[in-house]
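Chemist: Shown below is the structure under consideration.
The values are calculated or read from the model by the stated rules, or taken from the named source; none is laboratory data. Being a predicted model, the structure only gives us computed values, none of them experimental. FYI the Cβ positions are ideal-geometry reconstructions off the backbone, even for glycines, and counts take in every protein chain you see. Protein only, heavy atoms only, side chains kept; ligands, DNA and RNA dropped before computing areas. Shrake-Rupley method; radii C 1.70, N 1.55, O 1.52, S 1.80 Å.
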Amino acid sequence: DAGVTQSPTHLIKTRGQHVTLRCSPISGHKSVSWYQQVLGQGPQFIFQYYEKEERGRGNFPDRFSARQFPNYSSELNVNALLLGDSALYLCASSTRQNNEQFFGPGTRLTVL
Amino acid sequence: QKEVEQNSGPLSVPEGAIASLNCTYSDRVSQSFFWYRQYSGKSPELIMSIYSNGDKEDGRFTAQLNKASQYVSLLIRDSQPSDSATYLCAVTPSLGGTSYGKLTFGQGTILTVHP
């Protein structure tokens with residue numbers, strides 16, 4: 001079975017722009033979580049969706065939003081990009097809300 | 001106090017030795033505990049999960065959990081140069097609440113296994 005997939009792999013944006021990141025979970029997984037990882041730190045939780053409903057939100061500004069589609073894929077949107085948003089954005093999927101989470105390859109976002 | 005703490009290292013061990021990685025957490029009622037391995041430039045890869053006190057072994061890896069001491073560790077036996085990576089400890093909170101499935105990570109321990 002295919003693992004978690006994310007697109008795009010890399011992205012370069014300028015300050016103030018908007019970005020949409022996409023994630024497809026492992027087949028059969030109904031929960032998708034998003035994390036931000038900056039260099040030298042562990043991933044930080046942004047959102048969790050389970051059965052298409054938001055089930056958790058981390059300490060991120062309202063510029064960050066997400067949604068989950070009927071096929072359980074997910075999008076993360078970030079508005080009004082700041083230099084500090086430059087990071088590796090990771091998507092993880094799990095069968096249920098509190099199960100083992102498996103990460104995709106990530107999207108490397110650079111904001112100039 | 002950080003929610004999950006790890007010694008950032010780097011931890012350097014010779015090939016064939018046992019590498020011991022440690023993690024402490026602050027939420028006494030945390031439910032689930034995970035170890036991820038992350039190679040440079042790659043995403044985290046789940047290598048162990050543990051849910052109850054005691055030891056759990058999987059090949060060369062052993063996870064140890066002590067909820068009373070709020071401590072979880074990972075032992076890597078017969079360390080290989082290919083084990084050189086950053087090891088991330090992650091914890092999920094207690095049942096219920098709005099962050100039920102949230103993984104809280106430590107900052108990671110860099111492990112180097114030298115031939």
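Chemist: Would you check which residues across segment B:13-48 are of a type in the set (Ser, Thr, Tyr) and under 16 Å from the mean Cα position of the chain (by Cα) and list them? Give the steps one after another, and end with the answer.
Modeler: Here is the first cut: in segment B:13-48, the ones of a type in the set (Ser, Thr, Tyr) are B:20, B:24-26, B:30, B:32, B:36, B:39-40, B:43.
Selection gives B:Ser20, B:Thr24, B:Tyr25, B:Ser26, B:Ser30, B:Ser32, B:Tyr36, B:Tyr39, B:Ser43.
Chemist: Could you check segment B:14-115 for strands (runs of 3 or more DSSP E) lying wholly inside it with 2 or more residues that are open to solvent by 30 Å² or more (accessible area, probe 1.4 Å)? Spell out how you get there, then give the answer.
Modeler: On the way: elements: B:19-25, B:32-38, B:45-50, B:54-58, B:61-66, B:71-76, B:85-92, B:109-114.
Answer list for segment B:14-115: B:19-25, B:45-50, B:54-58, B:61-66, B:71-76, B:109-114.
Chemist: A further question follows. Taking the options B:Tyr25, B:Tyr39, name whichever one is free of Cβ contacts under 8 Å to residues at least 60 places away in the same chain and within 14 Å of another protein chain (Cβ to nearest Cβ). Spell out how you get there, then give the answer.
Modeler: Details: B:Tyr25 fails: free of Cβ contacts under 8 Å to residues at least 60 places away in the same chain.
The match here is B:Tyr39.
Chemist: Let me ask something else about it. Filter segment A:1-23 down to the residues that are under 15 Å from the mean Cα position of the chain (by Cα) and free of Cβ contacts under 8 Å to residues at least 60 places away in the same chain and list them by number.
Modeler: Scanning segment A:1-23 gives A:Thr20, A:Arg22.
Chemist: Being touching a Gly at 6+ places or on another chain (Cβ under 9 Å), within 14 Å of chain A (Cβ to nearest Cβ) and within 21 Å of A:Gln36 (Cα to Cα), is that true of even one residue in segment B:47-59? Spell out how you get there, then give the answer.
Modeler: Keep residues of segment B:47-59 that are touching a Gly at 6+ places or on another chain (Cβ under 9 Å), which gives none.
Checking segment B:47-59: not a single residue is touching a Gly at 6+ places or on another chain (Cβ under 9 Å), within 14 Å of chain A (Cβ to nearest Cβ) and within 21 Å of A:Gln36 (Cα to Cα).
Chemist: Also, quick follow-up: Filter segment A:84-108 for residues that are of a type in the set (D, E, K, R) and outside any strand (DSSP E or B) and give the result.
Modeler: Taking segment A:84-108 as the starting set, the residues that turn out to be of a type in the set (D, E, K, R) are A:85, A:96, A:100, A:108.
Within segment A:84-108, A:Asp85, A:Arg96, A:Glu100 meet the criteria.
Chemist: With the structure loaded, tell me whether A:Arg57 is within 20 Å of B:Ala90 (Cβ to Cβ) and of a type in the set (Lys, Arg) or whether it fails that test. Walk me through it before giving the result.
Modeler: Values: within 20 Å of B:Ala90 (Cβ to Cβ): yes; of a type in the set (Lys, Arg): yes.
Answer is yes for this residue.
Chemist: Taking only segment A:87-107 into account, find how many residues are within 8 Å of chain B (Cβ to nearest Cβ) and open to solvent by less than 10 Å² (accessible area, probe 1.4 Å).
Modeler: Of the residues in segment A:87-107, 6 are within 8 Å of chain B (Cβ to nearest Cβ) and open to solvent by less than 10 Å² (accessible area, probe 1.4 Å).
Chemist: Also: From the list A:Gln44, A:Gln48, which one is open to solvent by 20 Å² or more (accessible area, probe 1.4 Å) and touching a strand residue (DSSP E or B) at 6+ places or on another chain (Cβ under 8 Å)?
Modeler: None of the other options fit; the residue is A:Gln44.
Chemist: Find all pairs meeting these conditions: Cβ atoms under 8 angstrom apart; at least six residues apart or on different chains; first residue within segment A:46-67 and in a strand (DSSP E or B); second residue acidic (Asp, Glu) and at pLDDT below 95.
Modeler: That search, which allows pairs on different chains as well, returns A:Phe47/A:Glu54; A:Gln48/A:Glu54; A:Ala66/A:Glu54.
Chemist: Can I ask one more? Is it the case, given these coordinates, that A:Ile26 is surrounded by fewer than 20 Cβ atoms within 10 Å (Cβ to Cβ), within 14 Å of chain B (Cβ to nearest Cβ) and at pLDDT 95 or above?
Modeler: On the way: surrounded by fewer than 20 Cβ atoms within 10 Å (Cβ to Cβ): yes; within 14 Å of chain B (Cβ to nearest Cβ): yes; at pLDDT 95 or above: yes.
In short, yes.
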